[in-house]
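> Take a look at this one; I'll ask things after.
The values are calculated or read from the model by the stated rules, or taken from the named source; none is laboratory data. The structure displayed is predicted, hence computed values, not measured ones. For neighbour counting, all protein chains shown are included, and Cβ atoms are generated from backbone atoms with ideal geometry for every residue, glycine included. These area figures cover heavy atoms from the full protein model, side chains too; ligands, DNA and RNA do not enter into them. Shrake-Rupley method; radii C 1.70, N 1.55, O 1.52, S 1.80 Å.
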Amino acid sequence: MAYSSRRAVAFALTLLAGQAISLAASADLPGIATSRRVVLVTYRGTADEALERTVHELLARRDLEAIPASQEALVARRLLVRVEIDRGADGTHVVVHSADEAAPTVLDRVVPHDANPAIERERIALAVRGAAEAELVMEEERRAQPAPPPEPAPVAPEPPPPPTPALVQPPAPPPVAVVVTAPDRTTKPPARPLPFAIDIATFAGAGLVGGGGDVVARVGGGVSVGLRNTFLRPSIAIDALYAFPFDAENSTVVAHAHLVSVRFLPTIEPLHFSRFALSIGAGAGLDVLTVDPSSDTLPSNILGDQTTRVDPILCGAVTGRVGIASDVVLTLTVVADADLAERRYVFDDRGSRTEVWSPWNVRPMLLAGLAFTAAGPRPFGGAR
């Protein structure tokens with residue numbers, strides 16, 4: 001009987017010792033080891049037991065234990081992360097902090113509300129579990145990092161080298177005469193290109209002067225100075241024209257006429273292409289007109305003397321230019337002269353006057369010519 005009682009007491013003591021060991025393991029007492037990591041969860045806002053169960057269940061699937069924050073002191077060595085779940089009006093704010101206070105925040109996000117509460121609880125629990133798993137990976141990486149190497153021991157400074165014996169300086173070499181050649185003042189710097197161009201032109205053509213409408217041949221030449229690197233390429237030309245002698249007559253008297261013209265013609269070039277250009281100009285000048293009367297039937301003493309008149313002229317011109325070489329241009333010009341003076345040549349026979357010739361006030365003319373660039377930029381193709 002006494003032996004049976006002793007066996008019962010021993011069995012009871014064994015049960016109590018097993019329960020004590022289980023309680024020590026759950027409270028993380030010293031000497032009791034466990035592999036489960038702990039997630040401290042703090043719930044704020046409206047209480048939701050279903051959410052707590054969902055979080056606990058999903059964490060348990062990854063061998064993680066969810067316990068309330070009030071039990072942090074019991075699981076300090078197994079703590080993995082701290083979780084704060086705050087249910088608000090706009091959603092559920094989930095913040096996950098690492099147990100290592102030096103590590104950054106693992107998760108900080110807001111899970112929006114869902115019409116299905118079960119789906120919303122599942123999203124919150126998945127966010128907590130994912131953050132805990134990420135912290136496990138980061139913890140493994142931190143452990144795998146090698147420890148910093150120890151600082152090297154201080155090295156004693158080397159003793160200073162022995163003093164160098166004084167060296168005897170050799171005598172300085174005698175001075176060497178240096179001959180400096182002065183620059184050649186006669187050398188001229190390269191000439192800069194001219195900013196303007198000088199063109200020389202010759203032309204020939206014909207026009208109408210007046211009277212019976214005969215076409216009068218004309219030849220001439222000119223010099224122009226202009227800018228070719230600016231807008232509209234302005235220029236000014238001085239031209240001289242000579243009209244071959246021509247006759248105007250009536251039934252009795254013949255008028256032999258000679259005409260020399262001088263023109264000052266500013267121009268601009270509104271159109272310019274690779275091989276063609278069009279310019280327009282307007283200017284003024286002088287016409288020197290000489291008329292010498294003669295007759296086959298009348299004696300010379302009743303004819304007037306030779307007369308020479310100088311008349312002011314206004315003129316306008318349109319010129320087309322075609323490049324045929326690097327410095328040579330073919331030109332075609334339409335000119336209109338306006339004579340500001342009225343001239344009539346008549347024969348007065350004892351009070352009876354008959355008109356011999358009358359120049360027109362407007363005199364058209366067509367001239368073709370060649371022009372070449374004597375200096376400055378080329379007409380088509382840049383500087384010389």
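> Using heavy-atom solvent-accessible surface (probe 1.4 Å) with all chains present, what is the largest-first order of Glu49, Glu269? Don't jump to the answer; show the numbers that get you there.
Working: Glu49 130, Glu269 30 Å².
Reading off the accessible areas and sorting them downward yields Glu49, Glu269.
> Over segment 272-322, with every protein chain in place, what whole percent of the accessible area is carbon and sulfur at 1.4 Å, could you tell me? Please list the in-between numbers first.
Values: 1680 of 2850 Å².
It is 59 percent, rounded to a whole number.
> Here's another thing I want to ask about it. For segment 65-127 and segment 218-238, what is the centre-to-centre distance using only Cα atoms, to the nearest Å?
The distance from the Cα centre of segment 65-127 to that of segment 218-238 comes to 90 Å.
> Follow-up question, since we're still on this one. At 0.36 nm per residue, minus the direct Cα-Cα distance, what do Thr230 and Arg44 gain on full extension? Give it in nm, one decimal, please.
58.8 nm
> Another question, then. Could you tell me which of Phe246, Gly320, Thr297 has its Cα farthest along the dipole of segment 243-384 towards the positive end, charges placed at Cβ (Lys, Arg +1; Asp, Glu -1), taken about the Cα centre?
Gly320
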